[in-house]
Amino acid sequence: MKMLEIKGGKPLSGTIRISGAKNSVVALIPAAVLSSEEVTICNVPNITDTEALCEILEFLNVDVKRATESLVINSSNMQNKEIPSMYTKKLRASYYFMGALLGKYKKVTMALPGGCSIGARPINLHLKGFEALGAKVTNNDNIYTVEAKELKGTNIYLDFASVGATINIMLAAVLAKGTTIIDNAAKEPEIVNVATLLNNMGAKIRGAGTSSIEIVGVEKLGKCFHEVIPDRIEAGTYVILGAAIGNNLKISNIIPEHIEALTSKLEEMGVFLDIGADYIIVSSGNNYNPINVKTQTYPGFATDLQQPLTPLLTMCNGKSKIEETIYENRFMHIPYLNQMGADIRVKNQNSTIIGPTKLIGTDVVATDLRAGAALVIAGLMAKGTTKITNVEHILRGYENIVEKLIDVGASLELKEI
Ligand code: EPZ
């Protein structure tokens, strides 16, 4: 097991370059198999989720060539086999192979993980979409088989603007006969990134990024070259870190509009942000106002950023509140922040952060990806040493996080224990 040892309290200066988006690449990699030719994806982040998906590709006899930050994927010799849980349990986003293999072969059998620590995370909306397209779904002990004689375009209304369901239905519909409309679709930038890949391959998708997406089915998809967008959650995490303990910390290679909900909240707090075309420069302040945050689907405040934001709110003069509306269990970082000296109360889906409080380093545990990110920020802010175990969670979603932080003056070390 890996542990991160952080000696906190050092102001961070210099530049952190943001990598390709985890929540985009985990969909782009399965989507690539819909092409019968070579697909090149660049700006691919070197994170364990990328590796786990490439293992599934290789299990399905897809040819994968890796370069420094790109993948060349060729599925011309691909075999449609049942994907066992040893592969799919590593990340929930393996469920995108469901839409991709259904779309390509009209049949898919794969094991799917149940919920995870932040919530039940059912896939009922994904399956509702597949059935609407004409597929039959069977589930034997979480081994799902989804198959159809023919996939026919149709109108699908999503009860909730689910990111995963929107993308998975898009993957299943691109080669269907006729036109599919997804209403109440999710509008996250990652969805636009996936739709752009598919259109570059020859698909006919319009409206990605809005709540209504039209997919006109085509016969086949060809080769293309595509780029992963910058990771808005990684970017937001480091901007928050800069507001906590930065000294002209520059976060580069970002799309500022993708984190507008965060930056406007930080400015409301009294953080000064120098926002450029593709960067943000931020320094720590010492007189922050408390704020209220409610997580929403995009373009609202991202649920993935409420956990990293929490340690920063311990610096505010007064009571801040966070309301989590997307997941049912996304406050597991809070007991550890309180052990470090924070004063945070949780009631149902709301946390109240009373500040200002000083954080002191101690031993803590990363319970999930973004909780882990929150503990890294707290450790860098705290006086003394913080030891975070279970950091495998963090390495899933933050490329080269140790190197990036050391490059801007942090004192931390990744250890095997
Ligand atoms: C994506 O998850 C992201 N993961 C999540 O990021 C992110 O928090 C989430 O979108 C919301 O922005 C990836 O893209 C790999 P949803 P996803 O379907 O697609 C419920 C991170 O930290 N729901 O929009 O699973 C679900 O239970 C991760 O990077 C159903 O009820 O999110 C949840 O409460 C965490 N039925 C809510 O919708 C369904 O069929 C949001 O889910 C699907 C979802």
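Can you give the relative contact order of the chain as a percent, counting alpha carbon pairs under 8 Å and 6+ residues apart?
For the chain, the relative contact order is 22 percent.
Calculate how steeply helix 96-105 sits against the longest principal axis of the alpha-carbon atoms of the chain, using the helix alpha-carbon long axis, and give the answer as 0 to 90 degrees to the nearest 10.
For 96-105 against the chain, the angle is about 10 degrees.
Take the Cα coordinates of the range 22-227, assign each an equal point scatterer, and use the Debye formula without solvent to give log10 I(q)/I(0) at q = 0.11 Å⁻¹.
Normalising to I(0) and taking log10 leaves -0.43.
Would you mind listing how long the range 172-229 runs along its three principal axes, going by Cα atoms, in whole Å with the largest first?
In descending order, the Cα extents are 29, 29, 14 Å.
Applying a 10 Å radius around every beta-carbon, put 135-141, 318-324, 197-203 in order of their mean neighbour count, most first.
Packing order, densest peptide first, comes out as 197-203, 318-324, 135-141.
When a/c reaches 1.5 or more, the comparison of a/b and b/c decides; with that in mind, is the range 275-322 rounded, prolate or oblate per its Cα gyration tensor?
In terms of gyration-tensor shape, oblate.
With every protein chain left in place, what is the accessible area per residue of the range 284-344 in square angstrom, probe 1.4 Å? Kindly include the intermediate steps, with their values, before the conclusion.
On the way: 2240 Å² over 61 residues.
I get 37 Å² per residue for this part.
Relative contact order for the range 22-227 using alpha-carbon pairs under 8 Å, separation at least 6, rounded to a whole percent?
Value for the range 22-227: 21 percent.
Compactness ratio of the chain: Cα Rg over 2.2 N^0.38 Å, N = residue count?
0.98
Show the residues, 5+ positions off or on another chain, whose built amide H is closer than 5 Å to the amide H of Ala382.
Amide H neighbours of Ala382, under 5 Å, 5+ apart: Gly9.
Taking the range 172-277 on its own, what percent of its Cα-Cα pair distances exceed 21 Å?
So the pairs more than 21 Å apart make up 49 percent of the total in the range 172-277.
Identify the GluC sites (Glu not before Pro) of the range 211-244 meeting these criteria: DSSP loop state and at most 12 other C-beta atoms within 10 Å of the C-beta.
In loop regions of the range 211-244 (DSSP not H, G, I, E or B), the sparsely surrounded GluC sites (Glu not before Pro) are Glu219.
What does the charge count near Ala373 come to, summing +1 for each Lys or Arg and -1 for each Asp or Glu among other residues with Cβ under 10 Å from its Cβ?
Local net charge: -2.
Full-extension gain between Ser36 and Phe272, please, as 0.36 nm times their residue separation minus the C-alpha to C-alpha distance. Please list the in-between numbers first.
Details: separation 236, 0.36 × 236 = 84.96 nm, distance 4.93 nm.
Gain on stretching Ser36 to Phe272: 80.0 nm.
Efficiency by 1/(1 + (r/R0)^6): what FRET value for Lys223 and Glu150, r their Cβ-Cβ distance, R0 = 35 Å, to the nearest 0.05? Walk me through the numbers before you get to the answer.
Numbers: r = 26 Å, r/R0 = 0.74.
In this case the efficiency is close to 0.85.
Within the range 1-29, which residues have the backbone N less than 20 Å from the label spot 7 Å out from Ile406 along Cα→beta-carbon, could you tell me?
1-19
What value, in deg cm²/dmol to 500, does the helix sum -39500 (n - 2.57) over DSSP H runs of n ≥ 4 give at 222 nm once divided by the residues of the chain?
When only DSSP H runs of four or more count, the value is -9000 deg cm²/dmol.
Could you check the spin-label model distance between Asn287 and Lys81? Points 7 Å from the Cα along Cα→Cβ, value in nm.
6.5
Enumerate the residues in the range 329-370 having an amide nitrogen under 20 Å from the point lying 7 Å beyond the Cα of Lys415 toward its Cβ.
Residues 340, 360-367 qualify, since their backbone N sits under 20 Å from the label point.
Of Lys319/Lys347; Lys90/Lys321; Lys104/Lys223; Lys65/Lys106; Lys128/Lys149; Lys107/Lys177, which pairs sit farther than 23 Å apart, going by alpha carbon to alpha carbon?
Beyond 23 Å between Cα atoms: Lys90/Lys321; Lys65/Lys106.
The values are calculated or read from the model by the stated rules, or taken from the named source; none is laboratory data. This one's a predicted model, so the numbers in the text were calculated from it and none came from an experiment. We place every Cβ from the backbone using ideal geometry, glycine too, and count neighbours over all the protein chains shown. Surface accessibility is based on the protein's heavy atoms, side chains included, excluding ligands, DNA and RNA. Shrake-Rupley method; radii C 1.70, N 1.55, O 1.52, S 1.80 Å.
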